[in-house]
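S.K.: Starting off with a structure, shown below.
Computed from the coordinates by the stated procedures, all read-outs in this text should not be read as laboratory data. Please read all numbers here as calculations on a predicted model, not as lab measurements. FYI the Cβ positions are ideal-geometry reconstructions off the backbone, even for glycines, and counts take in every protein chain you see.
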Ligand SMILES: [Zn+2]
């Protein structure tokens with residue numbers, strides 16, 4: 001939630017009454033049914049992936065600005081009743097080779113600068129309780145997740161410092177394998193070195209240390225083998241911060257039904273299981289869209305390469321904003337899939353893994369605006385609740401999907417961390433930072 005808005009003020013008072021009404025829904029005398037709008041406003045909506053920090057740094061975009069082609073700002077967050085956003089700290093591995101940590105820190109700083117500029121509407125938090133407190137104060141909770149394990153530069157001490165700065169999840173890889181974990185993005189590329197079993201010994205240490213710190217282990221983007229290896233060794237439930245279902249759209253980065261079930265089952269002996277947060281990118285939702293995009297790919301890649309070559313010839317930096325514009329133009333040539341495809345993925349994961357194991361990870365500002373019809377920004381999030389209720393999802397289920405499930409997993413991850421810290425095993429610190437991984 002992003003501001004002390006009148007309707008929210010009313011909601012704040014009205015919530016107990018709504019919850020009460022919900023409890024008595026089955027009572028024959030009860031006529032009170034919550035509207036989708038009321039259900040959405042009563043939910044603590046948590047989105048686990050937005051790439052807006054690239055805009056903060058590269059475009060000097062401010063969350064108070066109009067959207068200007070993006071999908072997330074203060075106004076859209078308020079309209080969409082967005083209660084918490086995990087901003088993605090993503091470092092382009094090609095562009096920032098040799099400077100991963102530096103770029104990571106700049107992106108982290110950019111998120112904190114936004115909070116500093118909008119203290120009345122944003123609250124930087126790093127715990128589940130912090131999310132809830134910010135929500136009660138009618139501010140949007142701001143969190144961070146690192147996208148791509150290359151950001152730690154093979155250093156557990158760096159990982160620990162990112163945690164200290166507030167980073168609360170990390171995808172083990174982005175589309176690039178990093179030497180200790182493999183990515184679905186290059187797993188079939190024989191020229192890229194891969195691990196034998198999905199994670200090296202160092203990779204296992206990273207997962208253990210994330211468990212010990214209380215940083216959520218995010219398996220979005222990893223190869224299937226890395227996924228299963230991670231689940232086997234993680235002491236806490238895992239999340240997929242922005243991944244959809246492979247059964248409905250055959251992208252290597254989407255999750256098979258078996259993987260969906262595994263996320264729900266794993267996490268330790270007393271775990272309630274992890275959560276898969278559905279990615280809104282049309283190319284991960286709709287097979288038709290994906291096929292059409294694939295057909296355009298050769299032509300698009302050629303145009304992108306031409307831009308890069310030109311910059312190189314002129315001794316200028318690669319114009320990523322122009323490349324993004326170009327990709328957007330290509331995307332616009334393909335008809336947008338209907339909103340129902342997004343709901344299909346949520347529905348599918350709820351049926352396969354369980355309604356306690358699905359949520360939303362929009363990928364706003366990271367997918368060149370290629371979103372299903374009707375979803376143009378965070379302001380359109382209520383349409384998801386409306387569509388879920390039209391399919392028979394209860395108010396309670398909607399609240400779980402919109403954020404409750406993620407909050408449960410986050411809580412469990414932090415609880416596991418407390419237990420591991422009490423074990424006081426110095427295993428990781430003994431090995432680091434002097435033992436570098438084999439390259
Ligand atoms: Zn991603």
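S.K.: Binning every alpha carbon pair distance of region 206-333 at 5 Å from zero, what are the percents per bin?
M.R.: The distribution over region 206-333 is 2, 10, 16, 15, 13, 11, 11, 11, 7, 3, 1, 0, given as percents.
S.K.: Helix-derived [θ] at 222 nm for the chain: sum -39500 (n - 2.57) over DSSP H runs of at least 4, divide by residue count, nearest 500? Intermediate values should be presented prior to the final figure.
M.R.: Numbers: 18 runs with 202 residues, N = 439.
About -14000 deg cm²/dmol.
S.K.: Give the separation of the Cα centroids, region 123-168 to region 93-121, in Å.
M.R.: Value for the Cα centre distance between the two parts: 12 Å.
S.K.: A follow-up question, please. Using 15 Å as the cut-off for backbone N distance, which residues of region 349-368 belong to the label zone defined by a point 7 Å from the Cα of residue 58 along Cα→Cβ?
M.R.: 364-368
S.K.: Report the far tail of the P(r) of region 118-183, meaning the percent of Cα-Cα pairs longer than 14 Å. Could you put the intermediate results ahead of the total?
M.R.: Values: 1314 of 2145 pairs.
When every Cα pair of region 118-183 is considered, 61 percent fall beyond 14 Å.
S.K.: Listing 139, 316 from the residue with the fewest other Cβ atoms within 10 Å to the one with the most, what is the order?
M.R.: By the 10 Å Cβ count, ascending: 316, 139.
S.K.: Continuing with the same structure: With springs connecting C-alpha atoms under 10 Å apart, model the chain as a Gaussian network and identify which of 342, 143, 248 has the largest mean-square fluctuation.
M.R.: Fluctuation is largest for 248.
S.K.: Separate question: Relative to the compact-globule scaling 2.2 N^0.38 Å, provide the ratio for the alpha-carbon radius of gyration of region 87-229.
M.R.: 1.10
S.K.: Oh, and also: Assuming 0.36 nm per residue, please report the length gained on full extension of the stretch residue 153 to residue 418 beyond their Cα-Cα distance.
M.R.: On the way: separation 265, 0.36 × 265 = 95.40 nm, distance 2.60 nm.
Working it through step by step, the gained length comes to 92.8 nm.
S.K.: Here's something else I'd like to know. What whole number of Å gives the distance from the Cα centroid of region 252-289 to the Cα centroid of region 336-397?
M.R.: Value for the Cα centre distance between the two parts: 14 Å.
S.K.: To one decimal place, what orientation-averaged projected area in nm² is obtained for the convex hull of the Cα set of region 38-150?
M.R.: 7.3
S.K.: Would you work out the relative contact order for the chain, in percent, from Cα pairs under 8 angstrom that are 6 or more residues apart?
M.R.: It comes to 19 percent, rounded to a whole number.
S.K.: So if each residue of separation counts as 0.36 nm, and I subtract the Cα-Cα distance between residue 309 and residue 376, what length gain in nm does that give?
M.R.: Full extension of this stretch gives 20.9 nm more.
S.K.: Starting from the 7 Å offset along Cα-to-Cβ, what nm value, one decimal, do you get for the label separation of residue 136 and residue 117?
M.R.: Placing both labels 7 Å beyond Cα along the Cβ direction yields 3.0 nm.
S.K.: Counting only DSSP beta bridges with both residues in the chain, tell me the antiparallel percent, nearest 5.
M.R.: Roughly 5 percent of the beta bridges in the chain run antiparallel, per DSSP.
S.K.: For region 206-273, rounded, prolate or oblate, judged on the Cα gyration tensor with a ≥ b ≥ c (square roots of eigenvalues), a/c < 1.5 rounded, else prolate if a/b > b/c?
M.R.: prolate
S.K.: Please rank 397, 258, 344, fewest neighbouring Cβ atoms within 10 Å first, as an exposure proxy.
M.R.: 258, 397, 344
S.K.: Also, quick follow-up: Among 350, 395, 313, whose mean-square fluctuation peaks in a Gaussian network model of the chain (Cα, cutoff 10 Å)?
M.R.: 313
S.K.: Now for a separate question. Take the alpha carbon gyration tensor of region 245-288, find the square roots of its eigenvalues, order them as a ≥ b ≥ c, and report rounded if a/c is under 1.5; if not, report prolate when a/b exceeds b/c, else oblate. Please list the in-between numbers first.
M.R.: Numbers: a/c = 4.23, a/b = 2.51, b/c = 1.68.
Prolate.
S.K.: Right, here's the next one. Could you tell me whether region 271-386 comes out rounded, prolate or oblate from its Cα gyration tensor? Rule is a ≥ b ≥ c as square roots of the eigenvalues, rounded for a/c under 1.5, then prolate if a/b exceeds b/c, otherwise oblate.
M.R.: prolate
S.K.: In the Gaussian network model of the chain, springs joining C-alpha atoms below 10 Å, which of 358, 207, 304 carries the largest mean-square fluctuation?
M.R.: 304
S.K.: Here is a follow-up. Give me 234, 155 sorted ascending by neighbouring Cβ count inside 10 Å, so fewest comes first.
M.R.: On the way: 234 24, 155 17.
Exposure proxy ranking, most exposed first: 155, 234.
S.K.: On alpha carbon coordinates alone, what is the Rg over Rh value for the chain, Rh being the Kirkwood radius? Can you show the working numbers first?
M.R.: Working: Rg = 21.1 Å, Rh = 22.1 Å.
Radius of gyration over Kirkwood radius for the chain works out to 0.96.
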